[in-house]
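Here's the structure, in structure tokens; my notes come after.
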Amino acid sequence: MRITQGCFSFLPDLTDDQIKAQVQYCLDNGWAVGLEYTDDPHPRNTYWEMWGPPMFDLRDAVGVMTELKAVRDAHGGSYIRLSGFDNSHGCESVKISFIVNRPAKEPGFRLDRTEGPGRTIGYSIVAYSTQDMPADE
Amino acid sequence: MSEDRSADEVTIDLQAELEKSGVLEVLGSLDAELVGLAPVKSRIRQIAALLVVERVRRQLGLAAEPPSLHMSFTGNPGTGKTTVAQRMADILHRLGFVRRGHLVAVTRDDLVGQYIGHTAPKTKEVLKKAMGGVLFIDEAYYLYRPENERDYGQEAIEILLQVMENQREDLVVILAGYADRMARFFNSNPGFRSRIAHHVDFPDYTDGDLMAIADLILTRQNYRLSDGAREALSCYVGLRRTQPHFANARSLRNALDRARLRQATRLFAAASTGISTNDLITLEADDILASRVFGDESARP
């Protein structure tokens, strides 16, 4: 199941040149570009692992692309996202975030039902990719 | 073949190309704001001409790969290497050989780490920052310490060489330092020598140059020298040159800063009599003669 999260997720995956153009747009606006990766694509998972500190003092997108290559080499089987953080007063939040790498096989989610009192049912989803195994195994 | 023919047919106005790029302004300001340095200026003009030709060739599809633009600036301290590197970044940017045109100036401390495994991330961080611009490595020879074979500088050198070779369109590296030590550095690191296309040598300033620089600095700060002070300063320049740690324009700038300090003290001492605007902008001979360079009385004019 193809995960759709963040910007551009209903488009075909961006090519490296397209990613580079987006990164340059972020840097030109003075946003800090960060790279994060995770094996758990649950939509409420806000704790992705950071790949190095956010890059806030670069002028050119090539620097970010080098890091992107490095994180792909190290965690090619994980989801990797790139985000641009705008620290200007009144915003101070992520302005753009999109997936730049996904595993070859995306198993999707399992729906868990929990019976509660009075025939109520609680639902939760669990990513198959996190089943049974802790990350890195 | 068709490409060859079209290249023959197209006539190119190099002068127009040069004017369009805005490089002439940079070269003009180089002439106006930097005193002396005639050989450097002519070298920069040669490089600029080469770049314009290269750009025209590229537009016609004649140049296959980006030219090697890495440079080495050699000369004594205070001869304007950093300033010229800044202008060089501007020229390269205007001609489209670097995308952003910023200058990142670093020394050994910024590139080499203190522990095993510390150097590579540090060097890569600097390279990332410099991407799309010019990386200026001051006193580059400190990267290589032959007396310590486990020195981490070698690691930084290897990363640098790799980027200088593979990412020529992303980054231009300028190495700077004393001429003799740079020569030794290049001898022990042939990899660097072969990757650097342009060697520019910065001569020391003559006494006349230094006086012109003094005028330039003082005019910018709204000061002027009295006749006596001018004489004292030219005497100072002659003497200072013979002393150790002479750093050309930098020594001169420091001397002038100290003279301003003494002028301020003198004005305070004379404050009871009232001072005029003229007093505020004029440096007198005494302000300069009080320098320790004129150690004994005999040296004074």
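The condition (being open to solvent by less than 20 Å² (accessible area, probe 1.4 Å), away from every other protein chain (no Cβ under 14 Å) and at pLDDT 90 or above) is satisfied by just one residue among B:Leu111, B:Leu95: B:Leu111.
Does region A:93-105 contain any residue that is open to solvent by less than 40 Å² (accessible area, probe 1.4 Å), of a type outside the set (Ser, Thr, Tyr) and under 23 Å from B:Arg99 (Cα atoms)? Outline the logic, then answer.
Kept after step one, since they are open to solvent by less than 40 Å² (accessible area, probe 1.4 Å), are these residues of region A:93-105: A:96-103.
Cutting the leftovers down to of a type outside the set (Ser, Thr, Tyr) gives us A:96, A:98-103.
Remaining after also requiring under 23 Å from B:Arg99 (Cα atoms): none.
Checking region A:93-105: not a single residue is open to solvent by less than 40 Å² (accessible area, probe 1.4 Å), of a type outside the set (Ser, Thr, Tyr) and under 23 Å from B:Arg99 (Cα atoms).
Output yes when any residue across region B:184-192 is under 17 Å from B:Leu103 (Cβ atoms) and more than 14 Å from chain A (Cβ to nearest Cβ), and no when none is. No, region B:184-192 has no match at all. Are any of the residues in region B:66-89 modelled with pLDDT of 90 or more, open to solvent by 20 Å² or more (accessible area, probe 1.4 Å), within 14 Å of chain A (Cβ to nearest Cβ) and in a helix (DSSP H, G or I)? Within region B:66-89 (the criterion being modelled with pLDDT of 90 or more, open to solvent by 20 Å² or more (accessible area, probe 1.4 Å), within 14 Å of chain A (Cβ to nearest Cβ) and in a helix (DSSP H, G or I)), the answer is no, since none of the residues qualifies. Looking across region A:106-124, just one residue is touching an Asp or Glu at 6+ places or on another chain (Cβ under 7 Å) and of a type in the set (A, V, I, L, M), and that is A:Ile121. Against the criterion of being surrounded by fewer than 21 Cβ atoms within 10 Å (Cβ to Cβ), in a helix (DSSP H, G or I) and among the hydrophobic types (A, V, I, L, M, F, W, C), B:Ile47 qualifies.
Give B:Gly101, B:Gly61, B:Gly117 a once-over and let me know the one that is more than 14 Å from chain A (Cβ to nearest Cβ), open to solvent by 10 Å² or more (accessible area, probe 1.4 Å), touching a residue at least 12 places away in the same chain (Cβ under 8 Å) and not in a helix (DSSP H, G or I). Before you say what the answer is, go through the steps one by one.
Numbers: B:Gly101 fails: more than 14 Å from chain A (Cβ to nearest Cβ); B:Gly117 fails: touching a residue at least 12 places away in the same chain (Cβ under 8 Å).
After applying the criteria, what remains is B:Gly61.
Scoring B:Leu27 on the criteria (1) at pLDDT below 90; (2) more than 24 Å from B:Ala214 (Cα to Cα) leaves a single failure, condition (2). Does B:Arg150 satisfy the condition of being basic (Lys, Arg), over 24 Å from B:Asp31 (Cβ atoms) and away from every other protein chain (no Cβ under 14 Å)? Taking the combined requirement at face value, the residue satisfies it.
Please count how many residues of region B:123-147 are within 14 Å of another protein chain (Cβ to nearest Cβ) and either aromatic (Phe, Trp, Tyr) or within 18 Å of the chain's Cα centre (by Cα) (or both). Let's see the steps before the verdict.
So in region B:123-147, the residues within 14 Å of another protein chain (Cβ to nearest Cβ) come out as B:123-135.
Retained after the next criterion (residues that are either aromatic (Phe, Trp, Tyr) or within 18 Å of the chain's Cα centre (by Cα) (or both)): B:130, B:133-135.
So the count comes out to 4.
Residues being within 14 Å of chain A (Cβ to nearest Cβ), modelled with pLDDT under 90 and closer than 17 Å to B:His198 by Cβ are entirely absent from region B:37-57.
I need the full set of residues from region B:90-109 which are within 20 Å of A:Val62 (Cα to Cα) and out of contact with any Phe, Trp or Tyr (no Cβ under 8 Å at 6 or more places or on another chain), in order please. Give the derivation first.
Within region B:90-109, the first condition is being within 20 Å of A:Val62 (Cα to Cα), and the residues that meet it are B:90, B:92-106.
Correct list: B:Asp90, B:Leu92, B:His93, B:Arg94, B:Leu95, B:Gly96, B:Phe97, B:Val98, B:Arg99, B:Arg100, B:Gly101, B:His102.
Kindly indicate which of B:Arg220, B:Arg195 is basic (Lys, Arg) and without any contact (Cβ under 8 Å) to a residue 60 or more places away in the chain. Reasoning before the result, please.
Details: B:Arg195 fails: without any contact (Cβ under 8 Å) to a residue 60 or more places away in the chain.
That would be B:Arg220, the only listed residue that is basic (Lys, Arg) and without any contact (Cβ under 8 Å) to a residue 60 or more places away in the chain.
In a residue-by-residue description of region B:231-242, the property of being among the charged types (D, E, K, R), under 17 Å from B:Ser291 (Cα atoms) and open to solvent by 50 Å² or more (accessible area, probe 1.4 Å) applies to at least one position.
Among the residues making up region B:30-58, a single one is farther than 21 Å from B:Ile213 by Cβ, touching a residue at least 24 places away in the same chain (Cβ under 8 Å) and of a type in the set (Lys, Arg): B:Arg55. Would you confirm whether any residue within region A:60-79 is in contact with a Ser or Thr (Cβ under 7 Å, 6 or more places away or on another chain), of a type in the set (D, E, K, R) and away from chain B (no Cβ under 14 Å)? Looking through region A:60-79, none of the residues is in contact with a Ser or Thr (Cβ under 7 Å, 6 or more places away or on another chain), of a type in the set (D, E, K, R) and away from chain B (no Cβ under 14 Å).
Looking for something farther than 28 Å from B:Gln167 by Cα and either of a type outside the set (A, V, I, L, M) or open to solvent by less than 60 Å² (accessible area, probe 1.4 Å) (or both) - is there at least one such residue anywhere in region A:63-71?
Initial filter on region A:63-71 (farther than 28 Å from B:Gln167 by Cα): none.
Among the residues of region A:63-71, not one is farther than 28 Å from B:Gln167 by Cα and either of a type outside the set (A, V, I, L, M) or open to solvent by less than 60 Å² (accessible area, probe 1.4 Å) (or both), which makes the answer no.
In the condition set (1) within 14 Å of another protein chain (Cβ to nearest Cβ); (2) within 23 Å of the chain's Cα centre (by Cα), B:Asn166 is compliant with all but (2).
Say whether the condition of being closer than 30 Å to B:Ala183 by Cα and modelled with pLDDT of 90 or more is met by at least one residue in region B:215-233. Scanning region B:215-233, I find no residue that is closer than 30 Å to B:Ala183 by Cα and modelled with pLDDT of 90 or more, so the answer is no.
The values are calculated or read from the model by the stated rules, or taken from the named source; none is laboratory data. Only a predicted model underlies this, so the values are computations on that prediction, with no experimental measurement involved. Cβ coordinates were reconstructed from backbone atoms using ideal geometry, including for glycine residues, and neighbour counts include every protein chain displayed. These accessible areas exclude ligands, DNA and RNA; they are computed on the full protein's heavy atoms, side chains included. Shrake-Rupley method; radii C 1.70, N 1.55, O 1.52, S 1.80 Å.
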